Amino acid sequence: MVRDDIAELNAVGYEGTNASGDMYVVGNRLVGNRVGLTTDSDHQEKLLAQQGAVVAGNLVAANQQAATPEQADGGWGIGIGVDGGSSNQFLYNRVSGGARGAGHRRGPGAGGGSAGGYCAGAGVVRAGGGGQP
C-alpha cells in the first residue's frame, strides 16, 4: 500500500514494476515530476507479470517539469502510464497539466487496448494540457 504520500521533482513520482495482487496506490499527490505514475512489467520476463493493481484517488498533475532528473526510458509529460499490465483498476484519479494524460501500451488486449480486462474502473478525470520541454 502506497498511501497519502507526496512525490515532487522526481523522474517518476511512483513506479511499480511487476507489482501485482494486493498493490494499492491510493490518495497520493504526484505533482511536478517528469512522469507522474507508471505501473509496468519488466519486458525481460517471459510473461507480462504486472497485474491486479488498484490506483485510486490520486492527484497526478503538472508532470512535465524540466528541472527533474531524466527518466531512463525518456518519458516526459505522462500523467499515468501502463506498460504490459493487466486487470488493473484506475478509480477517481485526477490527471491534469501534463503533455499527456493517461495511456497504456502492450496490454494483453488487441493493440494494447482495454480488451481482455486490461484496465477497469471509473477511470481518469483529465483537465488541462501542456507541451514538450
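Coordinate-derived values only; no laboratory data. The shown structure was predicted, so the numbers you read here are calculated from the model rather than taken from an experiment. With ideal geometry, Cβ positions are generated from the backbone for all residues, glycine too; neighbour counts draw on all protein chains shown.
Estimated at 0.36 nm per residue, the fully extended path between H43 and T17 surpasses their Cα-Cα distance by 8.4 nm.
Which loop-located chymotrypsin sites (Phe, Trp or Tyr not before Pro) does the stretch 59-100 contain, where loop means any DSSP state but H, G, I, E or B and the Cβ has at most 15 other Cβ atoms within 10 Å? The qualifying sites are Y92. For N58, the residues whose amide H sits under 5 Å from its own are G27, N28, N93, R94, ignoring neighbours fewer than 5 places away on the same chain, with H placed 1.01 Å from N. Based on C-alpha pairs under 8 angstrom that are at least 6 apart in sequence, the stretch 1-100 has a relative contact order of 30 percent. In this rough spin-label picture, where each label sits 7 Å from Cα along the Cβ direction, the D5-Y92 distance is 2.1 nm.
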